[in-house]
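Down below is the structure, laid out as structure tokens.
The values are calculated or read from the model by the stated rules, or taken from the named source; none is laboratory data. Please read these numbers as outputs of a predicted model, since none were measured by experiment. Note that each Cβ is placed from the backbone with ideal geometry, even for glycine, and that neighbours are counted across all protein chains shown. Protein only, heavy atoms only, side chains kept; ligands, DNA and RNA dropped before computing areas. Shrake-Rupley method; radii C 1.70, N 1.55, O 1.52, S 1.80 Å.
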Amino acid sequence: MIAPESNTPTNKTFTITTAIDYVNAAPHIGHAYEKIATDVITRYQRLRGREAYFLTGTDEHGTKVQKTAAEHGIPPKAYTDQISAEFKKAWEFLNLDYDRFIRTTDAEHYTVVEALWRKMVAKGDIYKARYTGLYCSGCENFVLARDLTEDGLCPHHQRKPDPVEEENYFFKLTRYKEAVIQLIQSRLESGNDFILPRYRAQEVLHLLEEVEDISVSRARDSVSWGIPVPDDSEQVIYVWIDALSNYLTGCGYLQDDKLFARCWPADVHMIGKDILRFHAIYWPAMLMSVELPLPGCVFAHGFINLNDAKISKSIGNVVSPLSLAERFELSSPDPIRYYLMTVTHFGQDGNFTEDDFKTRINADLANNLGNLLNRTLNMTMKYLDGKVPVPRRVQRPTDFPSFETVLGEIESAYDHFAFTTAAEKILHWADGANKLINDSEPWNLHKNGEHEQLQRVLYTVLDTLRQVAIMLSPLTPSLCQAIWEQLGYRQPLCEFTWDDILKTTLPEGQTVDLQGPILPRLESELVGSNKKK
Ligand code: ME8
Ligand code: MG
């Protein structure tokens, strides 16, 4: 399904982008979900030895942000500075290793959007007409009466859309309709899908049947917070044209030709399922209009709900990653990273509950993996003076799948963004080491003077922990670094590669460094308004 290598020349940087978040409110775990997934993919690519470029940022113009800033009684730029900084702070805590954080209020982004607009004009794709219709500022989208509820509300925001009647600019989307259909269909046929998960392609093809030209500007009297239309100061560029263009600005377009050549086209646009239409229809059409290469794929992930309810400001059940960390007294983001990436099969909707969070982190990480490390290091201290023994593994039963096979399955899972499967298989591999300890009873081997077998068992388990630390590191980088240090490494884990899993072993004689648990068991509970009913 996903073969990033196949879209582009092999020495091209692997480029992955996230949606840029509206800054009308602080980040919540739904926003975090998408950014963590992107970070995991980036880290995995780097571990595989590939250069990767990870772009994220904030979407700062438009009606919604303008209104919220006004409600706070501050100028929009001052407001967006504040909220954008909150996003950055949350991403820092979550250990997101991005390369650029773009803000649509960045000066160079204005230059890019203006240039793209002029190109579309020169192409004959922009024309002025009278627009009469409805606009939902929650969606930042023009909506049709037939898409509303019986009471005339936007189904996503439960709000009445605003009537709009104004002269504005249109983009000739219809001119690219056939080409976009062709793009999606030919990629489906070749197996190099443009839309992922694959089952979402039909939904887009269906939308394409009814596509019309789209309004791409607003009268400045109604929306003032945005990039002005070049040569027409009475009009402001539609926020989605502005927002989608971030991918080009963020890859260095018109600023850094070398970077742009290396990074464009993006291999993956990671987005939520609610904004697929913009990315799978408008975006390729815009790129065709300005004659720039098309991205590898658009991956639409599912939504994270909280206690089975949609996360929304109006419901009041917004949980921010930082507040979650605070309530569970987390010193590392890894429980949040691990839980969100394994809460459901990536692509589908997932449900966050505090009980499940606690239960699974304690079971998978604190108990299963944490105890394995702890008991192994304790025995290494006690029986082997804390030193890694001769690299000799215990013979595995012949009916067991080989590690090469398991490793291949884990690679494939990461390649297909199947994080749940990757984690399951890695932890299953670790479990095998737990089982080996239980079955071989090293304490009895020691007691009976079976020294060689004792060394073999402990070596096997220690080296399994080494493998697990590398394999799990895209998901839980700090936790794996902690395992790494306790295994006695001085050189940081991030300086090792995926190939080291098979090519190297734990060095004989290396002194392990037994410390406290890598992850304390989670005890606290969410309190207050978010408490499960
Ligand atoms: O749509 N679970 O911004 P946004 C999972 N600015 N993902 C979620 C989510 C949830 N509960 N809630 C939101 C915008 N998201 C535009 C994007 S891109 C050129 C412009 C995801 O702040 C959502 O699907 O409403 C989207 O991918 C991202 O968070 C930002 O949403
Ligand atoms: Mg949204």
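Report the normalised scattering of segment 14-324 as log10 I(q)/I(0) at q = 0.11 Å⁻¹, calculated by the Debye formula with identical scatterers on the alpha carbons.
-0.68
So how strong a dipole does the chain carry about its Cα centre when Lys and Arg Cβ are +1 and Asp and Glu Cβ are -1, to the nearest 20 debye?
Working: 56 positive and 73 negative charges, 135 e Å.
Its charge dipole is roughly 640 debye.
Say each of Q515 and E409 gets a label point 7 Å from the Cα, pointing the same way as Cα to Cβ; how far apart are those two points in nm?
That separation, rounded to one decimal, is 3.3 nm.
Could you order E34, E404 so the one with the most accessible surface comes first? Probe is 1.4 Å.
Order by accessible area, largest first: E404, E34.
How long are the three semi-axes of the equivalent ellipsoid of segment 318-377, in whole Å, if each is the root of 5 times an eigenvalue of the C-alpha gyration tensor, listed from largest down? Numbers along the way, then the final one.
Working: eigenvalues 97, 47, 17 Å².
Sorted largest first and rounded, they come to 22, 15, 9 Å.
Which one of Q467, P391, T421 has its Cα pushed farthest toward the positive end of the charge dipole of the chain, where Lys and Arg give +1 and Asp and Glu give -1 at the Cβ?
P391
Taking a probe of 1.4 Å, how large is the accessible area per residue of the chain, in Å²?
In whole numbers, the chain has 42 Å² accessible per residue.
Report the calculated FRET efficiency for T504 and R130 (r = Cβ-Cβ distance, R0 = 56 Å), to the nearest 0.05.
0.25
With N residues in segment 159-279, what two-decimal value do you get for its Cα radius of gyration over 2.2 N^0.38 Å? It would help to have the intermediate numbers written out before the result.
Numbers: Rg = 16.9 Å, N = 121, 2.2 N^0.38 = 13.6 Å.
The reported ratio for this selection is 1.24.
So what's the back-of-envelope 222 nm ellipticity for the chain, counting only DSSP H runs of four-plus at -39500 (n - 2.57) apiece and dividing by all residues, rounded to 500?
So the calculated ellipticity at 222 nm is -13000 deg cm²/dmol.
Mind giving me the nanometre distance, one decimal, between the label points for T174 and D257, set 7 Å out from Cα along Cα→Cβ?
In this crude spin-label approximation the distance works out to 3.9 nm.
By per-residue mean of other Cβ atoms within 10 Å, what is the highest-first order of 300-313, 174-187? The partial results should precede the final answer.
On the way: 300-313: 17.5, 174-187: 15.9.
Top to bottom by mean Cβ count within 10 Å: 300-313, 174-187.
Of all the accessible heavy-atom surface of segment 238-296, with the other protein chains kept in place and a 1.4 Å probe, what percent is carbon and sulfur?
Working: 820 of 1540 Å².
Ligands and nucleic acids excluded, carbon and sulfur give 53 percent.
Would you kindly find the accessible area of L502, with a 1.4 Å probe and non-protein molecules such as ligands, DNA and RNA excluded, rounding to the nearest 10 Å²?
Ignoring ligands and nucleic acids, L502 comes out at about 90 Å².
Could you please state how large a percent of the accessible area of segment 327-444 is carbon and sulfur, counting protein chains only and using a 1.4 Å probe? Write out the running numbers ahead of the final one.
Values: 2450 of 5020 Å².
Roughly 49 percent of what the probe reaches on segment 327-444 is carbon or sulfur.
Using +1 at the C-beta of Lys and Arg and -1 at the C-beta of Asp and Glu, which of L144, G73, I126 has the Cα lying farthest in the positive direction of the dipole of segment 1-159?
The residue sitting most towards the positive pole is I126.
If I stretch the segment between D385 and N317 completely, what's the gain in nm (0.36 nm per residue apart, minus their alpha carbon distance), one decimal? It would help to have the intermediate numbers written out before the result.
Working: separation 68, 0.36 × 68 = 24.48 nm, distance 5.22 nm.
The span from D385 to N317 would gain 19.3 nm if fully extended.
List the pair-distance distribution P(r) of segment 354-524, using every Cα-Cα distance, as the percent of pairs falling in each 5 Å bin from 0 up to the bin containing the longest distance, rounded to whole percents.
Histogramming segment 354-524 at 5 Å steps yields 1, 8, 18, 22, 21, 16, 9, 4, 1, 0 percent.
Whole number please: convex hull volume per residue of the Cα set in segment 1-118, in Å³? If you can, show how the numbers build up before the last one.
On the way: hull volume 16.2 nm³, N = 118.
Once divided by residue count, the hull of segment 1-118 is 137 Å³.
Taking the 0 to 90 degree range and rounding to the nearest ten, how far is the long axis of helix 403-415 tilted relative to the main principal axis of the chain, both from C-alpha atoms?
The angle comes out at about 20 degrees.
Could you give P(r) for the chain, binned at 10 Å from zero, as whole percent values over all Cα-Cα pairs?
Here the calculated profile for the chain is 3, 17, 26, 23, 15, 9, 5, 2, 0, 0.
Let me spell out the model: positive unit charges on the Cβ of Lys and Arg, negative unit charges on the Cβ of Asp and Glu, origin at the Cα centre of segment 97-153. What dipole size does that give, in debye rounded to 20?
Working: 8 positive and 10 negative charges, 99 e Å.
With only Lys, Arg, Asp and Glu charged at Cβ, the dipole is about 480 debye.
What dipole magnitude, in Debye to the nearest 20, does segment 354-524 give about its Cα centre under +1 on Lys/Arg Cβ and -1 on Asp/Glu Cβ?
My answer is approximately 540 debye.
In segment 63-157, which GluC sites (Glu not before Pro) fall in coil by DSSP and have 14 or fewer other Cβ atoms within 10 Å?
Within segment 63-157, the qualifying GluC sites (Glu not before Pro) (loop, at most 14 other Cβ atoms within 10 Å) are E150.
For the peptides 509-517, 395-403, what is the packing order when you average, over each peptide's residues, the other Cβ atoms within 10 Å and list the highest mean first?
Averaged packing, sorted descending, gives the order 509-517, 395-403.
Figure the gain on full extension for E71 and D308 (residue separation times 0.36 nm, minus the Cα-Cα span) and round it to one decimal in nm.
Gain on extension, E71 to D308, equals 82.3 nm.
Using per-residue counts of other Cβ atoms within 10 Å, averaged over each peptide, order 317-325, 200-208 from highest down.
317-325, 200-208
Cα axis of helix 451-472 to longest principal axis of the chain: angle in degrees, 0 to 90, nearest 10?
Helix 451-472 sits roughly 10 degrees off the main axis of the chain.
With a 4.7 Å Cβ cut-off, tell me which Cys residues in the chain come up empty for a partner.
By the Cβ distance rule, which asks for a partner under 4.7 Å, the isolated cysteines are C297, C480, C494.
Accessible area of F260, 1.4 Å probe, to the nearest 10 Å²?
Its accessible surface works out to 30 Å², give or take rounding.
Nearest 0.05, what FRET efficiency do S233 and D399 give at R0 = 51 Å with Cβ-Cβ as r? Numbers along the way, then the final one.
Details: r = 75 Å, r/R0 = 1.48.
FRET efficiency, S233 to D399: 0.10.
How far, in nm, would the chain grow between L144 and C494 when pulled straight, counting 0.36 nm per residue and subtracting the alpha carbon separation?
121.0 nm is the gain from fully extending L144 to C494.
Compare the Cα positions of L292, L306, F328 along the charge dipole of the chain (+1 at Cβ of Lys, Arg; -1 at Cβ of Asp, Glu; about the Cα centre) and return the one farthest towards the positive end.
Farthest towards the positive end: F328.
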